[in-house]
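Heads up, the thing below is written out as structure tokens.
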Amino acid sequence: MTPLRDLRTAVEDASAALRSDEAKQPGAKPSVERPKRDGFGDYSTNAAMLLAPSVGKPPREIAERLGEELRARLGDRLERYEVAGPGFLNLFLADDWHTTALSDVLAAGDAFGAGGAERPERILVEFVSANPTGPLVAASGRHAAYGDALARILAYHGHEVGREYYFNDAGTQVRLLGESVRARARGEEVPEGGYEGEYVVDLAREIPNAAEGDPDELAAAAVAILFARIKATLDRFGVRFDQFFSERVLYEGDPTPVQRAYAELERHGHVYRSDGALWLRTSAFGDDKDRVLERSSGDPTYFSSDVAYLENKRDRGFERQIDVFGADHHGYVARLKAAMQALGGDPEALEILIMQFVHLVERGERAAMSKRRGIFNTLDELIDDIGVDAARFFMLQRSHDTTVDLDLDLAREQSNENPVYYVQYAHARISSVLAKAGKARVAEALAAVAAVTAGGDAAALEPAERALIKKLIAFPDEVAEAAERRAPHRIAAYALELAQDFTAFYRDCRVVGAEPASVESFRIALSIAAQRTIAQALALLGVTAPTSM
């Protein structure tokens, strides 16, 4: 139970006490939120308006009664309440409540905000999965940052999370890579639809006897080289995978996973033959048309490996599959959910998150990118330019379903205008404050705050102190929202807001040297809680928390 959840429970219990006998079953849960404007209390609830239909009284009258119920439950921790507007109840909480809340944050340590999942699941997050036909481009960095941050958040929230990269090392695009390498080795133009980048020329030089090589063998050699580089880039970007899953595995064995998937679909009666091809009746499950699994030639389609991969992940015991796809994959959503249902699975257990584009902007101009034509910025080049932390933070600042314009000029700045610099600087500043206080004084301060909480004798707090505490105790809810909505950008926004609240506190409240000593102790402890929470928020984004800058 966190301080804020404890307050919500008190509001819910008080609401239940006022609910009429005819409506004892609870309806929608009342909200308990920070008001958008100053002067409207520490928190505001709409509980009275939700109660009005069952109680049969005006909301403002119910709000007054609810305030008295809360006073009985919270005692001196509720300083006062006010009824506002159509029936909102604004709660003004005492300094003792805020001090206790800070003590709870400190007592939780590094686990503050962790483990809130109501029903932990075994989840596989599949992300990046760029074809190994070229270097990892800067745009793929958004997929990497997002998938990795989402996996971190889900795990911190209490789920068991696997991270997987599915790579297409079979098919037409891979053969075209081999043909492109051979063409460049011979000094010829690449075939239609082939790869034109300078990296193909480098591969032709690196692979022995490329001019005479078999395209399939050249493709395998090129893929091995490129994939090793992709792994190295991802490692540099702070992204780790539990498994790199090869598409080729789905066509190996007797029977192959693809053949086993066909048999499972046939067992459920969802496949049929037409014009010599094998079709999956996806239209029966919401898709706009049926899909071919096997062509009349006997060759499998890409969709067949997608279906086999779905079944493979189910066989490995994952209760939920989260796939992070590119902006050009909207059409895959309905067919893959249909395939999941046709296999006997729950289509709601398959989540396909569509990432929108990231554009690199410099001096107000967007850069054009195309892997096939060899016009692109690699992720390594982006890291060289602005660093891992800035690249990840800027890519995670916006929701995955909105386009990101990554301002390179801003990302290079070491100023308060640069959001990641601002957050990291707040963390480093706290390190400086704590170093100035000294280890012994820091330990003494933490013990003093715990003693004050136990004795219920809190000093009067400044507005900036109260604001910072309220921002701190919001962290568990932010983690829960980010996990449930698949929204790492909420953590990026929270980290920035927390840094801003700490900066305001540091401006308004002297820390080291504050008088009396009890005030200094409280502010040192508050700084420690802020630093820990900033560090944890940054860690969930895969961004470092430096102690000096």
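Taking a point 7 angstrom from the Cα of Lys57 along the C-beta vector, which residues in segment 73-107 have backbone N less than 20 Å away?
Only 73-75, 80-92 pass the distance filter.
Calculate the spin-label point distance for Ala459 paired with Arg510, positioning each point 7 Å from the Cα along the beta-carbon direction, and give it in nanometres.
About 1.1 nm, to one decimal.
Using θ = phi - 60° and the Karplus curve 6.51 cos²θ - 1.76 cosθ + 1.60, what whole-Hz ³J(HN,Hα) does each residue of segment 92-106 get, with Gly and Pro shown as x?
Karplus values, whole Hz, x for Gly and Pro: 10, 8, 6, 4, 4, 5, 5, 5, 5, 4, 4, 4, 5, 4, 5.
Using only the Cα atoms of segment 129-228, build the gyration tensor, take square roots of its eigenvalues as a ≥ b ≥ c, and label the shape rounded, prolate or oblate: rounded if a/c is under 1.5, else prolate if a/b is larger than b/c, else oblate. Before the final figure, lay out each step's value.
Details: a/c = 3.29, a/b = 2.74, b/c = 1.20.
Prolate shape, in that a/c is at least 1.5 and a/b is the bigger ratio.
Kirkwood hydrodynamic radius, computed over distinct alpha-carbon pairs, for segment 1-110: how many Å, to one decimal?
Mean inverse Cα-Cα distance, inverted, gives 14.3 Å.
Taking H as built 1.01 Å from N, whose amide H comes closer than 5 Å to the amide H of Met355, not counting residues under 5 places away?
Phe325, Gly326, Ala327
Assuming 0.36 nm per residue, please report the length gained on full extension of the stretch Asp299 to Val249 beyond their Cα-Cα distance.
16.4 nm
Once you have a ≥ b ≥ c as the square roots of the Cα gyration tensor eigenvalues for segment 287-357, tell me rounded if a/c is under 1.5, and otherwise prolate or oblate according to whether a/b is larger than b/c.
Oblate, since a/c reaches 1.5 and b/c is not below a/b.
Over segment 260-332, what is the relative contact order in percent, taking alpha-carbon pairs closer than 8 angstrom and at least six residues apart?
So the answer I get is 19 percent.
Counting Lys and Arg as +1 and Asp and Glu as -1, what is the net charge of the other residues whose Cβ lies under 11 Å from the Cβ of Asp290?
With Lys, Arg at +1 and Asp, Glu at -1, the net is +2.
Can you work out the Karplus-derived ³J(HN,Hα) for every residue in segment 413-429? Use 6.51 cos²θ - 1.76 cosθ + 1.60 with θ = phi - 60°, whole Hz, and x for glycine or proline.
Each residue's phi maps through the Karplus curve to give 5, 10, 8, 5, 6, 8, x, 5, 4, 4, 5, 5, 5, 4, 5, 5, 4 Hz.
Please give the charge dipole size of the chain, origin at the Cα centre, charges +1 on K and R Cβ atoms and -1 on D and E Cβ atoms. Round to the nearest 20 debye.
Dipole about the Cα centre, nearest 20: 820 debye.
Where does the charge balance sit around Lys313 when Lys and Arg score +1, Asp and Glu -1, over other residues with C-beta under 12 Å from its C-beta?
Overall, the nearby charge balance is -3.
Select from Gln243, Leu102, Ala220 the residue farthest towards the positive end of the dipole of the chain; place +1 on Cβ of Lys and Arg, -1 on Cβ of Asp and Glu, and compute about the Cα centre.
The listed residue farthest towards the positive side: Leu102.
Mind ordering 388-395, 45-52 by average Cβ neighbours within 10 Å, highest first?
Numbers: 388-395: 25.1, 45-52: 23.2.
Taking the mean over residues of other Cβ atoms within 10 Å, the ranking is 388-395, 45-52.
In whole percent, and with a 1.4 Å probe on the protein chains, what portion of the accessible area of segment 71-209 is carbon and sulfur?
Exposed carbon and sulfur together represent 44 percent of the surface.
Of Gly542, Ala529, Val519, whose Cα points farthest to the positive end of the dipole of segment 486-545 (charges on the beta-carbon: +1 Lys, Arg; -1 Asp, Glu; origin at the Cα centre)?
Result: Gly542, furthest along the dipole toward the positive end.
Using R₀ = 56 Å, calculate the FRET efficiency as 1/(1 + (r/R₀)^6) where r is the Cβ-Cβ separation of His268 and Phe92; round to 0.05.
Efficiency, rounded to the nearest 0.05: 0.40.
PRE reach from Ala284 (point 7 Å along Cα→Cβ): which of segment 336-352 fall under 17 Å by backbone N?
Output list for this probe position: 336-347.
Looking at the chain, send over the antiparallel percent of its DSSP beta bridges, to the nearest 5. Mind showing how you got there, number by number?
Values: 23 of 45 bridges.
Counting DSSP beta bridges with both partners in the chain, the antiparallel share is about 50 percent.
Could you point to the residue in Phe285, Ala261, Ser304 farthest towards the positive end of the chain's charge dipole, with +1 and -1 charges on the Cβ of Lys/Arg and Asp/Glu respectively?
Phe285
Could you tell me which trypsin sites (Lys or Arg not before Pro) in segment 480-519 are loop residues by DSSP with no more than 16 other beta carbons within 10 angstrom of their beta carbon?
Working: sites: Arg485, Arg486, Arg490, Arg507, Arg510; in loops: Arg485, Arg486, Arg510.
Here the trypsin sites (Lys or Arg not before Pro) that fit, given the DSSP loop and packing criteria, are Arg485, Arg510.
In segment 150-231, which trypsin sites (Lys or Arg not before Pro) fall in coil by DSSP and have 16 or fewer other Cβ atoms within 10 Å?
Arg186
Let me spell out the model: positive unit charges on the Cβ of Lys and Arg, negative unit charges on the Cβ of Asp and Glu, origin at the Cα centre of segment 1-155. What dipole size does that give, in debye rounded to 20?
Using Cβ point charges on Lys, Arg, Asp and Glu, segment 1-155 gives about 440 debye.
Check Glu79: other-chain or 5+ apart residues with amide H under 5 Å from its amide H, H built from backbone geometry?
Here the answer is Phe92, Leu93, Ala94, since their amide H atoms fall under 5 Å of that of Glu79.
Amide H of Ser31 versus every other amide H placed in the peptide plane: which residues, excluding those fewer than 5 positions away on the same chain, fall under 5 Å?
Amide H neighbours of Ser31: Asn46, Ala47.
Mind checking the per residue accessible area of the chain for me, 1.4 Å probe, whole number of Å²?
Per-residue value: 44 Å².
Between the DSSP loop rule and a limit of at most 12 other Cβ atoms within 10 Å, which GluC sites (Glu not before Pro) in segment 217-289 are left?
The qualifying sites are Glu252.
First select every other residue whose beta carbon is under 9 angstrom from the beta carbon of Leu89; then total the charges, Lys and Arg +1, Asp and Glu -1. Walk me through the numbers on the way to the answer.
Details: positive: none; negative: Glu64, Glu82.
With Lys, Arg at +1 and Asp, Glu at -1, the neighbours total -2.
Under a point spin-label approximation (7 Å from Cα along Cα-to-Cβ), what is the Ala17-Arg366 distance to one decimal in nm?
Label at Ala17, label at Arg366, 5.8 nm between them.
With a ≥ b ≥ c taken as the square roots of the eigenvalues of the C-alpha gyration tensor of the chain, please select rounded if a/c is under 1.5 and otherwise prolate if a/b is larger than b/c or oblate if it is not?
Verdict is oblate for the chain.
The values are calculated or read from the model by the stated rules, or taken from the named source; none is laboratory data. No experiment lies behind these values; they were computed from the predicted model shown. Every residue, glycine as well, gets a Cβ built from its backbone with ideal geometry; the counts of neighbours run over all protein chains shown. Side chains are part of the model used for accessible areas, which takes the heavy atoms of the whole protein and leaves out ligands, DNA and RNA. Shrake-Rupley method; radii C 1.70, N 1.55, O 1.52, S 1.80 Å.
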